[in-house]
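Scroll down for the structure; my scribbles are underneath it.
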Amino acid sequence: MTFSIATWNINSVRLRIDLVVRYLAWHEPDVLCLQETKCPDANFPYEPFRDAGYPHITVSGQKGYHGIAIVSRVPFMTSARRDFCAKGDARHLHVVFGGEANGIELHNFYVPAGGDEPDPEINVKFAHKLAFVDEMADWAMHEKPAAGRSILVGDLNIAPLEHDVWSHKALLSVVSHTPTEVEKLKRAQAAGPWIDALRKFVPDDQKLYTWWSYRSPDWSNVDKGRRLDHIWVSPALSEAVTSMRVLRDARGWERPSDHAPVMAKLAL
């Protein structure tokens with residue numbers, strides 16, 4: 001059995017629903033995890049997803065900001081959410097596919113971006129981001145979500161490796177690649193422990209991006225990207241991951257998100 005899962009920061013699901021439906025029709029992931037949906041639950045576009053063949057939907061949204069969703073062709077048994085940092089933000093969803101013996105847990109995350117100034121003393125957004133990632137590490141360590149067959153995906157808003165950014169030296173003091181953020185994300189990953197599914201197929205010394213800034217109109221040629229979107233799997237699923245793909249072309253679609261969708265396939 002092949003199981004495919006995609007993650008995409010869509011930057012407003014209602015504004016870009018046509019792009020999402022196009023992606024689903026062309027690439028047919030079994031499950032799509034969205035971040036930054038930017039709408040309350042009641043306004044989520046359920047019908048287009050159902051019409052596209054994704055009737056199993058769980059959302060955690062809020063008006064104008066944040067928000068995440070999981071849409072699936074495969075039924076899930078349970079769904080839940082966790083309020084990281086107790087701020088009431090819609091940044092986490094958890095579903096379970098299958099039964100207790102052979103089920104798969106899926107966690108969808110949207111880590112805070114952190115603002116522009118990488119100093120928690122003067123930037124509350126950056127302080128929130130660091131606290132959020134610290135809580136992810138503590139959660140992984142104490143609740144052990146990676147002990148079984150588990151997948152963690154989402155816009156983690158941190159590019160942890162040197163070749164996850166267009167210039168390691170230039171971005172060391174830029175939020176998303178600062179040493180503090182990288183250290184904390186690596187701690188959260190090790191606490192699982194989680195396996196970086198994308199880097200199973202692209203070696204650490206090769207460039208790999210999932211995000212290109214709106215500020216660069218010639219983004220494709222300039223190619224100043226960052227890898228902010230991730231798929232991690234538990235050790236029990238490490239050998240099951242058979243492929244991954246970043247759909248860079250989607251960044252060039254009309255009125256696109258600044259993130260590209262990322263998909264991994266597993267043989268279960």
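Within the range 69-82, count every residue that is open to solvent by less than 70 Å² (accessible area, probe 1.4 Å), touching a residue at least 40 places away in the same chain (Cβ under 8 Å) and in a loop (DSSP other than H, G, I, E, B). Here the count works out to 1. Taken over the range 83-92, the residue count meeting the criterion of being surrounded by 16 or more Cβ atoms within 10 Å (Cβ to Cβ), out of contact with any Gly (no Cβ under 8 Å at 6 or more places or on another chain) and part of a loop (DSSP other than H, G, I, E, B) is 2. When Val95 is tested against the conditions (1) within 21 Å of His230 (Cβ to Cβ); (2) in contact with a Lys or Arg (Cβ under 9 Å, 6 or more places away or on another chain); (3) not in a loop (DSSP other than H, G, I, E, B), the lone failure is (2).
Among the residues making up the range 10-24, a single one is in contact (Cβ under 8 Å) with a residue 40 or more places away in the chain, surrounded by 22 or more Cβ atoms within 10 Å (Cβ to Cβ) and assigned to a helix (DSSP H, G or I): Tyr23. Considering the range 165-268, the qualifying helices (runs of 4 or more DSSP H), each wholly inside and each with 2 or more residues that are open to solvent by less than 40 Å² (accessible area, probe 1.4 Å), run over 179-191.
Listed here are the residues, each with its yes/no results for (1) hydrophobic (A, V, I, L, M, F, W, C); (2) without any contact (Cβ under 8 Å) to a residue 60 or more places away in the chain; (3) more than 18 Å from Val153 (Cβ to Cβ); (4) out of contact with any Leu (no Cβ under 8 Å at 6 or more places or on another chain).
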| residue | (1), (2), (3), (4) |
| --- | --- |
| Lys184 | no, yes, yes, no |
| Ala191 | yes, yes, no, yes |
| Asn221 | no, yes, yes, yes |
| Arg226 | no, no, no, no |
| His230 | no, no, no, no |
| Ala236 | yes, no, no, yes |
| Val246 | yes, yes, no, no |
| Pro256 | no, no, yes, no |
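Candidates in the range 55-78 are the residues that are under 13 Å from Pro29 (Cα atoms) and of a type in the set (A, V, I, L, M, F, W, C); of these, the one that is modelled with the lowest pLDDT is Val74.
Here His66, His56, His27 are screened, and the one residue that is touching a residue at least 12 places away in the same chain (Cβ under 8 Å), surrounded by 15 or more Cβ atoms within 10 Å (Cβ to Cβ) and closer than 25 Å to Val133 by Cα is His66.
Residue-wise test of (1) open to solvent by less than 10 Å² (accessible area, probe 1.4 Å); (2) assigned to a strand (DSSP E or B); (3) free of Cβ contacts under 8 Å to residues at least 60 places away in the same chain; (4) within 19 Å of Leu228 (Cβ to Cβ).
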position: Asn102; (1), (2), (3), (4): no, no, yes, no
position: Phe109; (1), (2), (3), (4): yes, yes, no, yes
position: Ala113; (1), (2), (3), (4): no, no, no, yes
position: Glu121; (1), (2), (3), (4): no, no, yes, no
position: Phe132; (1), (2), (3), (4): yes, no, yes, yes
position: Ala137; (1), (2), (3), (4): yes, no, yes, yes
position: Leu152; (1), (2), (3), (4): yes, yes, no, yes
position: Ala159; (1), (2), (3), (4): yes, no, no, yes
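The values are calculated or read from the model by the stated rules, or taken from the named source; none is laboratory data. Predicted, not measured: the structure shown is a model, and the values here were computed from it. Please note: Cβ atoms are built from the backbone with ideal geometry, for glycine as well, and neighbour counts cover all protein chains shown. To get the accessible areas, we keep the full protein, side chains included, count just its heavy atoms, and leave off ligands, DNA and RNA. Shrake-Rupley method; radii C 1.70, N 1.55, O 1.52, S 1.80 Å.
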